[in-house]
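Taking it in order: structure first as C-alpha cells, then the write-up.
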C-alpha cells in the first residue's frame, strides 16, 4: 500500500534522501556552535529541564541567566565575557547527568560547573568535578553528604543541608501540630537524609515516629500511602516529596479530607509547589529557604523586580539559588584573582556574600572547611491568599539564623582533603 | 569479490575506531563520547547475537548489563581495588544470573520470552533500587573510581587519561567482538542461524534447540555484562537505571536502528543513538521526541536498519 502511494506521487528514493538529509542536518548543525571565542569564561549548568524537577530546574536557570546578564553588564569575570552553557541532566538519570558534566568539562572546557537539583545527581556530578578539578557550585541539591561525609574541596553549596532545614522547622512543628509524626518520604538521597534529620530533631524535642513510607520518585498515586498513614493515627503527617510529587501528594491528601483529621506538614516547601496547588490545599507548617517578600531588607525588591521583568513572576528560592550560585563563581574568581580551581576554592573559605547577592537580613557565608553556605531560613505556614498579592503564598512566622540551626563542622562529618 | 569487500569494510571500521579520539574532536565530540559509543555498541552487538542471529528477542538485557556494572562497582568499592579483577567479577555475576534465568525461560518463544525477560529484569532493578545499604539505592553507588591498570612493566593510568581508557576499552571490545564473530562462523553459529530461520526443521534435524538458545542467551549476556562493567568504569558510578527496562529498550532500539541482520549494524546504531542523544539534548529539552521520530522513520522506511540501506544500495 505505502509503496503504491509513494511511487505514484513521489519517488520513494526522494523521500528517503530528504529524510536522510533532514536527519543529517539535525546532527550537523551543532558542530558550528563549537567555534566559540576562546577568551570567554564559561559556566556550565547541568540541571534538570525535563521530568519531576523541570519547574524548579528552570527557575534555577532563570536565576543563572539574570546573574550572567548582570555580571556581563559589570565587565564579566576578570574582564572576560561570561558564557552560560546549559545541558539537560534529566530529573533522575545519573548516567545522563554524569555524561553531560563530562561533556561540559572535557569538550566545552568550562571554568565553572553548576548543578544539580536532584541530590543523587549532585553527588554523582561532584565526583566528576572533583576528579577533573573543576570549581563546582551545587545550587539546590539538599542531601547532607554533598557538604558532609563526601564533601570535596572544589564543591560549594548554596542551598541548605537537610539537617539544617529539619532543625529550623521542628520546634514550630512540635508546638503547632503535635508530637506523633508519620513520614511520607521520597525514596532517594534527599528524602532519606531529610527524614533522618527530622527524626533526630523530633526525638530531641520529645516527639516520636509512629511510622513511615518510602515513595519512588515520580509517584502519581499516593492513595495507598495516605490510607496507611491515616491508620497509624499520627498527630501530623510529615510530607517530604518534592516537585510534582509534592503537588500530587498534597492534592490527594486534601481530596481525601485528611486535613480535617490530621495535621499535614513537612520540612522543605517551595513556592513552585504551592503555585501548583489549589488554594484549599495550601496548608501546613514548612520551612522556605528563601522568600521574595522581605519588607525592609535592602536589594531584595530590585531582585524581585528584575526577575518579574524577565519572567512576569516573582522569584522563588530556586531562582535565588541559581542567582547566588552564578554570582559565587564571579566572586570566587575575583577574590582569588585567578581562574585556577584550587586557588579560587582556597580563597573562598569563609567568604561572606555581599548583601546585594545574599538578599537576606543576616550575612550569608561559605563555612570554612565545609564549603556550605550558611544563610537565613524562613519558617511559616502556607496560605491560600496573602496580603502582598497573589504570589504571597507563604506566611512567614520566623526568620531563623542558619548558624543557630546548622550542625557543627564536626557533626557534618566533612573531612576535606586538598590536592597536593 | 564479496569476501574482499567484507575485508575492506572490516579494515575501514577498525581504522575509524582506532583513530576515533582524534577525528571526533574535529567534529565537536569528546573522548568519553567515543568510549560511550563503544560500550553501547558492545552491549547492542551482544544483544544482537541473540536477537539477530538466533532470532530470540530479549527485553531484559539491561539486568545483566546492570549486574555487570554493580559487580564491577562493588568489587572496587568493597573488595579489591583492581580493574581487571572487578571486570571479571562483573562478568561472572552477570553470566551466572543469565545461566539460571536462561534455564528457566528457554522453553518460551516470541512475545512470551520477551515479557518474561522484562519481568526478570525488573526483579533485579527493584532489588538494587530497594537495597539501600548495599547498592546505594536510587542514589547509585558512589565513592569509588576505576583503578589504573598495572601490567608489571608499565602502568596505564585509565583514571586521569581518558584516551588511555578509550584504548583499553577498544582492546576489550576488539577481543569480545572477535570472539563473537568467531562463534558465529563456527558450526555452532551456523546452527543458531538455522534455528532462527526455521526452528521446527532444526529440531527435526536433531539439533537440541533449547540448549542452543540457552547457550546463545548465555554468550549474549556474558558480553552484555562485560559492556555493563565497562559502563560502570566509564562513569565511575552506577545506579539502578542501568538495570531498568528502558535501558533494555535502548539496546533493542540500537540494534534495530543499525540493522540487526548485520554484524556491524548495532555499532552503527550505537554511534547514531549516542551522538544524536548527546547533541540534540543540548539543543532542546524535547530531545526524546527527536530520537523517537528518528526511530519511527527508520522502522517505517528501513526495516533492515541503517546498514541494511547501505548494503541494498551496494547491491543495486
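The values are calculated or read from the model by the stated rules, or taken from the named source; none is laboratory data. Everything quoted here is computed from the prediction, not taken from an experiment. Don't worry about glycine lacking a Cβ; one is built from the backbone with ideal geometry, like all the others, and counts go over all protein chains shown.
Key figures for this structure:
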item	result
Tally of residues being touching a strand residue (DSSP E or B) at 6+ places or on another chain (Cβ under 6 Å) and in a loop (DSSP other than H, G, I, E, B) across the stretch A:270-288	3
Single residue of the stretch A:128-168 satisfying the filter (surrounded by 24 or more Cβ atoms within 10 Å (Cβ to Cβ) and free of Cβ contacts under 8 Å to residues at least 40 places away in the same chain) that is nearest to residue A:269 (Cα to Cα)	A:146
Strands (runs of 3 or more DSSP E) within the stretch A:153-246 that include 3 or more residues farther than 20 Å from residue A:281 by Cα and either within 14 Å of chain B (Cβ to nearest Cβ) or at pLDDT 90 or above (or both)	A:155-157, A:208-215
Residue list for the stretch B:139-166, restricted to those being more than 10 Å from chain A (Cβ to nearest Cβ) and free of Cβ contacts under 8 Å to residues at least 40 places away in the same chain	B:150, B:151, B:152, B:153, B:154, B:155, B:156, B:157, B:161, B:164
Output for the stretch B:128-138, where each listed residue is in contact (Cβ under 8 Å) with a residue 60 or more places away in the chain and either at positive phi or within 11 Å of chain A (Cβ to nearest Cβ) (or both)	B:129, B:136, B:137, B:138
Answer from B:9, B:46, B:73 - the residue that is farther than 30 Å from residue B:185 by Cα and either surrounded by fewer than 24 Cβ atoms within 10 Å (Cβ to Cβ) or touching a residue at least 60 places away in the same chain (Cβ under 8 Å) (or both)	B:73
Helices (runs of 4 or more DSSP H) wholly inside the stretch A:1-89 containing at least 2 residues that are modelled with pLDDT of 90 or more and within 14 Å of chain B (Cβ to nearest Cβ)	A:54-73
Which listed residue is closer than 25 Å to residue B:66 by Cβ and in a helix (DSSP H, G or I), from B:183, B:192	B:183
Test: residue in the stretch A:248-262 that is in a helix (DSSP H, G or I), within 22 Å of residue A:48 (Cβ to Cβ) and out of contact with any helix residue (DSSP H, G or I) (no Cβ under 9 Å at 6 or more places or on another chain)	yes
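Results for (1) more than 19 Å from residue B:223 (Cα to Cα); (2) in a loop (DSSP other than H, G, I, E, B); (3) within 14 Å of chain A (Cβ to nearest Cβ); (4) at pLDDT 90 or above, shown as yes or no for each residue.
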{"position": "B:32", "(1), (2), (3), (4)": "yes, no, yes, no"}
{"position": "B:43", "(1), (2), (3), (4)": "no, no, yes, yes"}
{"position": "B:47", "(1), (2), (3), (4)": "no, no, no, yes"}
{"position": "B:63", "(1), (2), (3), (4)": "no, no, no, yes"}
{"position": "B:69", "(1), (2), (3), (4)": "no, no, yes, yes"}
{"position": "B:92", "(1), (2), (3), (4)": "no, no, no, yes"}
{"position": "B:96", "(1), (2), (3), (4)": "no, no, no, yes"}
